[in-house]
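Enquirer: Okay, here's the structure, questions in a sec.
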């Protein structure tokens, strides 16, 4: 599904990614590790199509409506409620049976009771849970997750573990993390930057 | 949703995307209330300043010019705020990644800005009449046509500027030169006896620039 050869990215004079080779097959669970500033987020943005490589080749064999990106930022509007945010994205992705799907995800991630509250009033952990709902809303084929455990408490992390385990094999994952131990049991390959 | 043919479905889907995005922008303004009140205060303050700075007995022509200065700078306030939620919460990435046509983002943002500008003008134009007694039907028609161009071009330029570090500088620097034809057309429509030529010019500007911005927006938001 993803094939990269000699992938590199510069920002002006600064090279943030250099000579990355990556192969991720359909249904694989690829983990990207590396210290801060090693280019993990840049690699994920390149694969998501939000940036273009400065060098090398990248082929991503999936259309953008089948990509789910959990970025460093939650990518939700703070002045809207959880329900309004998911309604917006549900409409843009033309999610079938949108209301039911939104309700199911909010229930699963423990946000149903807070669905009418503005995201600005959410804790960082709740916002991350909402971001996960947004990512899963349109049932993407390729899940690109940048530090998905950030800000999650133990219960939230367990929920995410269960969700990843449920989808493993059925969906393709590209996950960056500082804590590879957490997802190692799910991983089919690991790339260290 | 109508699904009797791919073309129909696409059109309905496009309009549904524009509707969802416009609703989002209007809802954000309703909650935050930081664009429209600022525009109203600004335009009222500008008219008061103009009222006292324009010498007594000045011509209606001078007042018409001032109206257009006020409109362009009030619009600039709205345009400067247009992409603030997307910048602060980095949600432009999510919108760009969504499967909707990227021009829907531009169109929705333009419609929301047009709503704010029209709302400000509903207060501003009677205020102008109160202070300067120079409002004509052709002026109102000129303002309506110029609004379309201002919002189409300004939203496009706003999206270009928002990803740069010097966005506060870049927006007026890019927008004001592009707004000059609108000011010429608007002032012309406000002061001449046969304003048809100027209104036609404004309509042509709107059509041409709306098409250009609609077609080119994808290249602005995608690296």
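Enquirer: On the given criteria, is residue A:37 at positive phi, out of contact with any strand residue (DSSP E or B) (no Cβ under 7 Å at 6 or more places or on another chain) and more than 7 Å from chain B (Cβ to nearest Cβ)?
Expert: Answer is yes for this residue.
Enquirer: Here's something else I'd like to know. For a quick check of your reading: which strands (runs of 3 or more DSSP E) sit entirely within the range A:1-103 and have at least 1 residues that are touching a residue at least 40 places away in the same chain (Cβ under 8 Å) and buried (at least 22 other Cβ atoms within 10 Å of the Cβ)?
Expert: In the range A:1-103, the matching strands (runs of 3 or more DSSP E) lie at A:2-11, A:14-24, A:29-33, A:67-70.
Enquirer: Consider residue B:145 carefully, then state whether it is touching a residue at least 12 places away in the same chain (Cβ under 8 Å) and within 19 Å of residue B:107 (Cα to Cα).
Expert: Yes: the conditions hold for residue B:145.
Enquirer: So is residue B:185 over 17 Å from residue B:107 (Cβ atoms), away from chain A (no Cβ under 14 Å) and without any contact (Cβ under 8 Å) to a residue 40 or more places away in the chain or not?
Expert: No.
Enquirer: For the range B:183-202, how many residues meet the condition of being exposed (fewer than 13 other Cβ atoms within 10 Å of the Cβ) and either at pLDDT 90 or above or not in a loop (DSSP other than H, G, I, E, B) (or both)?
Expert: Qualifying residue count for the region: 2.
Enquirer: Further, regarding this structure: Exactly one of (1) surrounded by fewer than 16 Cβ atoms within 10 Å (Cβ to Cβ); (2) closer than 23 Å to residue B:85 by Cβ; (3) facing another protein chain (nearest Cβ under 10 Å); (4) without any contact (Cβ under 8 Å) to a residue 40 or more places away in the chain is unmet by residue A:121. Its number?
Expert: Status for residue A:121: all satisfied but (3).
Enquirer: Give B:27, B:15 a once-over and let me know the one that is touching a helix residue (DSSP H, G or I) at 6+ places or on another chain (Cβ under 9 Å), within 11 Å of another protein chain (Cβ to nearest Cβ) and free of Cβ contacts under 8 Å to residues at least 24 places away in the same chain.
Expert: None of the other options fit; the residue is B:27.
Enquirer: Scan (1) surrounded by fewer than 20 Cβ atoms within 10 Å (Cβ to Cβ); (2) modelled with pLDDT of 90 or more for the single condition residue B:104 breaks and write down its number.
Expert: Just one mismatch for residue B:104, condition (1).
Enquirer: Can you tell me which residues in the range B:86-96 are facing chain A (nearest Cβ under 7 Å), assigned to a helix (DSSP H, G or I) and either touching a residue at least 24 places away in the same chain (Cβ under 8 Å) or surrounded by fewer than 22 Cβ atoms within 10 Å (Cβ to Cβ) (or both)?
Expert: The answer is B:93, B:96.
Enquirer: Sticking with this one: Please give the helices (runs of 4 or more DSSP H) falling wholly within the range A:108-193 in which 3 or more residues are farther than 30 Å from residue B:31 by Cβ and either more than 15 Å from the chain's Cα centre (by Cα) or modelled with pLDDT under 95 (or both).
Expert: A:154-167, A:180-184
Enquirer: Which condition number does residue B:123 fail, the rest of (1) more than 14 Å from every other protein chain (Cβ to nearest Cβ); (2) within 27 Å of residue B:174 (Cα to Cα); (3) touching a residue at least 60 places away in the same chain (Cβ under 8 Å); (4) surrounded by fewer than 17 Cβ atoms within 10 Å (Cβ to Cβ) being met?
Expert: All conditions are met except number (2).
Enquirer: With the checklist (1) closer than 26 Å to residue B:211 by Cβ; (2) within 13 Å of chain A (Cβ to nearest Cβ); (3) free of Cβ contacts under 8 Å to residues at least 60 places away in the same chain; (4) in contact with a helix residue (DSSP H, G or I) (Cβ under 8 Å, 6 or more places away or on another chain) in hand, flag the one item residue B:10 doesn't pass.
Expert: Condition not satisfied by residue B:10: (4).
Enquirer: Taking the range A:50-77 on its own, how many of its residues are more than 14 Å from residue A:132 (Cβ to Cβ) and within 7 Å of chain B (Cβ to nearest Cβ)?
Expert: Summing the residues that are more than 14 Å from residue A:132 (Cβ to Cβ) and within 7 Å of chain B (Cβ to nearest Cβ) in the range A:50-77 gives 7.
The values are calculated or read from the model by the stated rules, or taken from the named source; none is laboratory data. Just so you know, these numbers come straight off a predicted model, no measurement behind them. All Cβ positions, glycine included, derive from the backbone under ideal geometry; neighbour counts span all protein chains shown.
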